[in-house]
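Written below as structure tokens is the structure these notes are about.
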């Protein structure tokens, strides 16, 4: 039986950390506020939005919705992001992606003010992740992986982590964050030869491919820690991870469930980044007096 | 006997590529020009400067020297970089590092105009390497590794590369450039546990630690390709790599010598980037007419 690395205690600890900080902000007249910018009505965006609003409410973070039609021109999105940037009562912004095909995503992300980029979508934030800079926020999903590993005291220093998936949302940034914590990191992907053997050789495996139950028991070995970043739906419409949990859980040492694992931590990290951005904005305002 | 991956044929091919391009620039009245900014008189800076000037001359690239005293204040360095940035006849800039201890290196690098950053020292250039952006130039040493691997038709797609050393000059950028070419990349460093075993498991090993002859035969296995990025001096004052060449050459399939390997390619890549920057500046000028 593997240890279940559930998100709940991590979320509870983050909430306990945030409560006095949100309280202090309120004392200073600041309600930490997250803008959610959404184009269209994709079911997974709507589902994440519901979760985020609930979590925000429970933590004392306000949410401002900016909803655009799926076919809205890029100028409409730019106007929304401009409003987010200009409004001092908004501290962070979550832009749901993928954006509709007619929008240049990289260009759109660059419209967001780096100090409100609590999900690491701007080049400036990503550069800081790569160069170990101290500005900006890493992508929330990547940060959630680190939060969870640190919460469960999983040793990283000197350990070998295999990361499967090389997106700028998870794979690449989490690799850099692990490297900074002195792990040895192997970055794998769809073209990797003999992926199963590489995965089996690691101390920790992070699966971030977005392919439902693509990782069976043959990818893992006893004692490993497995982080399943995937949030997919199987043919029956059930939520599932990248890992075939039923097959893998008996093999490994510890594993995150889906649902109930990293997804819920990611939502909390988004709120924690928003609170930190609100604190930074307040400090800058007070410093500027 | 391992195949010797010497730099010479790579340098010759780069020279052949550059000759008609430099010629075309001259026809348009442009001499591609590299600024070298040096603080102090460190022997390895002076040695690299001599090599660079000779290579530049042979390729038709002009060199402009900016030499500052080792104890010069940061304002003097900023003034030199400002002059580099402002002068339209300068297309690229090589800033010798490490800078003296009283200079904030990250801050100094940011003073250079990104379009003249032919050695990937600015955040903008490094961000492009991380995000697969199409702007700027990667660090010349990292680019030299790729040039050499591609020149010798070493397969990268799907292959496992172990990179030892995580600097922003070589380790991290070359890892990203290999990932972009669909290699699986393991980033290792001084804290890596069981480094020898990880190295032995790879198809390609890139040693970039700057520790003289630190990699003995126990780090390698038959058939591997080894890139030795190190340029060190042993106790007798002889130049040597990170790899113990005498011990390792009989074991592996192919290896770069030191000297005569990557160092000489790096110098040529610096010139190639300068020529490309000159072409971009000319195109921008003509586009702006």
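Details
- Angle of helix A:171-180 to the longest C-alpha principal axis of chain A, folded into 0 to 90 degrees and rounded to 10: 90°.
- Cα gyration tensor, segment B:29-113 - rounded (a/c under 1.5), prolate or oblate: oblate
- Translational D in µm²/s for segment A:172-289 (Stokes-Einstein at 25 °C, 0.890 mPa s, Kirkwood Rh from C-alpha pairs): 152
- Across identical copies of the chain, residue A:190 has label-point separations of 4.0 nm, listed in ascending order, with the point defined 7 angstrom from Cα along Cα→Cβ.
- Comparing mean-square fluctuations of A:157, A:49, A:193 from a GNM of chain A with C-alpha springs under 10 Å, the top value falls on A:193.
- Compared with the dominant Cα axis of chain B, that is its longest principal axis, helix B:140-151 is turned about 60°.
- Between helix A:262-287 and chain A: long-axis angle, C-alpha atoms, 0 to 90°, nearest 10: 40
- Between this copy and the others, label points of residue A:233 are 6.7 nm apart in ascending order, each placed 7 angstrom from Cα in the Cβ direction.
- Rg and Dmax, both from the Cα atoms of segment B:83-142 and both in Å, are 11.6, 34.
- Cβ neighbours within 10 Å from other chains - mean over B:177-185: 5
- Peptides A:18-29, B:145-156 ordered by average Cβ neighbours within 10 Å, highest first: B:145-156, A:18-29
- Relative contact order, percent, chain B [alpha-carbon distance under 8 Å, six or more residues apart]: 23
- Here is how far apart the residue A:64 label points are across copies: 4.7 nm, shortest first, using a point 7 Å from Cα toward Cβ.
- Ellipticity estimate at 222 nm from DSSP helix runs (n ≥ 4, -39,500 (n - 2.57)) divided over chain A, nearest 500: -13000 deg cm²/dmol
- Reducing segment A:12-86 and segment B:119-165 to their Cα centroids gives an inter-centroid distance of 37 Å.
- Cα gyration tensor category, rounded, prolate or oblate, for the protein assembly as shown with a/c compared to 1.5: oblate
- Distance cut-off 32 Å, percentage of C-alpha pairs in chain B lying past it: 25
- Tail weight of P(r) past 17 Å, computed on alpha-carbon pairs of segment A:1-47, percent: 63
Read-outs: derived from the displayed coordinates by stated rules, not from any lab. Values in this document were obtained by computation on a predicted structure and should not be read as measured data. Note: ideal-geometry Cβ built from the backbone for every residue, glycine included; neighbour counts use all protein chains shown.
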